[in-house]
1. Quick one: if you stick a label point 7 Å off each Cα along the C-beta vector at Glu21 and Lys45, how many nm between them?
2. Testing the spin-label approximation: label points 7 Å from Cα along Cα→Cβ at Val66 and Trp38. State their distance in nm.
3. Hey, any idea what Rg/Rh is for the range 26-89, computing Rh the Kirkwood way over Cα pairs?
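None of the figures in this text is laboratory data; all of them are computed from the coordinates on show. Everything quoted here is computed from the prediction, not taken from an experiment. Cβ placement follows ideal geometry from the backbone for every residue including glycine, while neighbour counts extend to all protein chains displayed.
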Amino acid sequence: MAKGKKIIDKEKDKSVISHPERYGGDTTYECIKVLEAWMPTEQYKGFLRGNAIKYLCRVGKKDETVQELKKAKWYLEKLIECEEGEFSLRKNKKKL
């Protein structure tokens, strides 16, 4: 999405932030799910932390400001889940 464009479709906005098609969409083999399953816990948490920082550092420089902030928030929420012991794949004992 070009910088400054408004997102009108809330569902499209949600999928762009939480399950982008270019990363596998909301499937078993979505990149974030594979990383969570394969990485040791501390590495995965570092990955989440790093992505949150990345999106905060580029606010207003690539995509729409609000979209970038929502992406950072998404990674922070995943990190909070990890810290609370609520790994989505590990909690449900799913294997890839």
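1. That separation, rounded to one decimal, is 3.6 nm.
2. Here the answer is 3.6 nm between the modelled labels.
3. For the range 26-89, the value is 1.00.
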